[in-house]
1. How much length would be gained if the chain were fully extended between A:A38 and A:V70, taking 0.36 nm per residue of separation minus their Cα-Cα distance, in nm to one decimal?
2. Taking each residue in A:93-100, count the Cβ atoms of any other chain within 10 Å of its Cβ, then average. What number comes out?
3. Give me the one-decimal nm value for the distance between modelled label points at A:K227 and B:D259, 7 Å along each residue's Cα-to-Cβ direction.
4. Can you pull out the buried accessible area for chains B and A, both sides counted, probe 1.4 Å, rounded to the nearest 100 Å²?
5. Order A:H196, A:H119, A:H22, most accessible first, counting only protein heavy atoms with a 1.4 angstrom probe.
6. Could you give me the ³J(HN,Hα) list for segment A:225-230, computed from phi with Karplus coefficients 6.51, -1.76, 1.60 and θ = phi - 60°, whole Hz, x at Gly and Pro?
7. With a ≥ b ≥ c taken as the square roots of the eigenvalues of the C-alpha gyration tensor of segment A:46-180, please select rounded if a/c is under 1.5 and otherwise prolate if a/b is larger than b/c or oblate if it is not?
8. Note down the relative contact order for segment A:155-202 as a percent, whole number, built from C-alpha pairs under 8 angstrom at least six residues apart.
Amino acid sequence: LLVVKKSDQPYVLEFEGVALSHTIQRYALVREMDFRVAPGELLLIRCERGGRPSPVAPLAQGLVDVLRGVVRFEGVAWNQGGSRSAAARRGRIGRVFDRLPWVSNLNVQENVALSQRHHTARPDRQIVEEADALARKVGLPRVPRGRPAFVPGDVLQRAQWVRAFLGGPALVLLERPMREVSLEHLPQLLEVVKTHRRRGAAVVWITDDPTIWQREFDPLPKRLIVKDARLTAVEGAAA
Amino acid sequence: LKQAGKGFFNRQLAGLVRLAGIFMVRARGTGPKKRTAAGVNAPMQTLLGRMALVLLLPYQALILLGGGVVRWWERATYLLGVVAAVLTLAVMPSSWPRTVRNVFARQMLFTGVDSMFFTMRISIAVGVMVIVQAQLLLSTIAQSDLLGTVLMRVIVRELAPLLANFVVIVRSATAMGTEMANMRREGEVDVLDAQGLDPMIYLVMPRMLATALTVFCLAVVIVAVSFFSGFLMSSLLGAASGGAERFVNNVVNSAQFRDLYFFFPKTLVTGLFIGAISCVEGLSVRGAATEIPQVAGRSAVASLTVVSAVTASLSLIIYGTILSIEVF
């Protein structure tokens, strides 16, 4: 069921001299972002613990205007094309949100399947089967059917993993995916990440957790750290 | 052009206010000495200051009034823009994926089906009041045959659309506004946007269209139930002359195609506006929890105002058109 459509572009995601406007106060201020992520690559970004959320994921989805520079997804800048084309391209990006990730008037299963049901013509049953199969891979019996308000935090977070990887997205943005989840489930997430990378998905993992930052990944990821409001490349695993 | 015009207006206004301020300070005699214009003596400055004050008062009043009108105009054009955008989107098949169809169906269920019994209770009261009164009055003046005409004019053209709008405002406009405001405040709109679900298509369009369709359907229900209950009650009271057959014939014979001129716009157009107002008010929330109850109130008040204005305007336009064609 899981088929990742490989991008024709050499890079799935490109940040070229991107600076966030200081007027946008919802996110941590980053003045210089310059990186590229190819299909199958994992980019690990370490952000400050307890600070404002990282702007990388919303910028990667073209949801925040940049002060300067350009962000490209599959070779197309977000400021090119209309809003409908941008919305369709966002449908090819999976994301684990840092906070408040659910639509409260839908149950968790409906939330998980929402993007696939909106952007594709796949039968509902197929989507649900794929979601439940992914849920089993991350240690859940199936995707919860209750409203998000009545589901425990760690289960909800793992349901977010399912949503992010459902449908084989070209790019997966993981914003602190281990938040509220015990480290015993980390190998399960790493296995899902690995499977999707092999199939051509690019993964950006944003973390403030030193345990994850120092962990060995297979294949090795690129590493960036936020230093003096700049994203700086780091060589090796133990940064 | 709008921005340039605003800029020009603001610059002129700022200049005038500054000038008036300088003169007023001079008039009060509290201004710093160094600002005193060379060559103009103090009594002259005081006189000029007072003159400026008097001359600028009506101007300031005009600015206040004009500001209100401009704000109202901007709001009205914005709402019209939302309605136009939704109608444009609604005719595109690509705007109707199954997720949007689901939202539309749920909104129909909540706004329409759930309010059916409430609407029927009101309709019974309307039928009893209007039809019994009309029967009594017309039989007194021996004009019972005019009953159908009176009912078509009063209930179909005016009362049913207005009541249907009120029911939807009371039951759904406030709820929709609050729901949108909560979604906005909790970041759910951003979550939808991040998944490629355009809030205009997923949230606003199905709600507006469902509201419009619901107002229309509820108005039909009001007409049917009020006619039935009114006839039943007048029969029981002995006010109905003739039987059910005569009543039905009377109503059917007096029905005209032009009644639809009133019925469609007064339900579908106003329904669209109710939906637009609720969604726009709800999505305009910026973060404070205290704004949410205010949104409910604002949605209801603005919807009632727009429904009254649109209904009255449509009546005037349609009556005017008909009157210009023939004596009505």
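1. On the way: separation 32, 0.36 × 32 = 11.52 nm, distance 1.67 nm.
Full extension from A:A38 to A:V70 adds 9.9 nm.
2. Working: counts 3, 1, 3, 0, 5, 0, 1, 6.
For peptide A:93-100, the averaged partner shielding equals 2.
3. Those two pseudo-labels are separated by 8.1 nm.
4. On the way: alone 18260 and 11690 Å², together 27790 Å².
Approximately 2200 Å² gets buried when B meets A.
5. Working: A:H196 0, A:H119 65, A:H22 130 Å².
Accessible-area ranking of A:H196, A:H119, A:H22, largest first: A:H22, A:H119, A:H196.
6. With coefficients 6.51, -1.76 and 1.60, one gets 10, 7, 9, 6, 6, 10 Hz.
7. In terms of gyration-tensor shape, oblate.
8. On the way: 23 pairs, mean separation 23.7, N = 48.
Contact order relative to length: 49 percent.
The values are calculated or read from the model by the stated rules, or taken from the named source; none is laboratory data. Everything numeric here is computed off the predicted structure, so don't read it as measured data. With ideal geometry, Cβ positions are generated from the backbone for all residues, glycine too; neighbour counts draw on all protein chains shown. Calculation scope for accessible area: heavy atoms of the full protein, side chains included, ligands and nucleic acids excluded. Shrake-Rupley method; radii C 1.70, N 1.55, O 1.52, S 1.80 Å.
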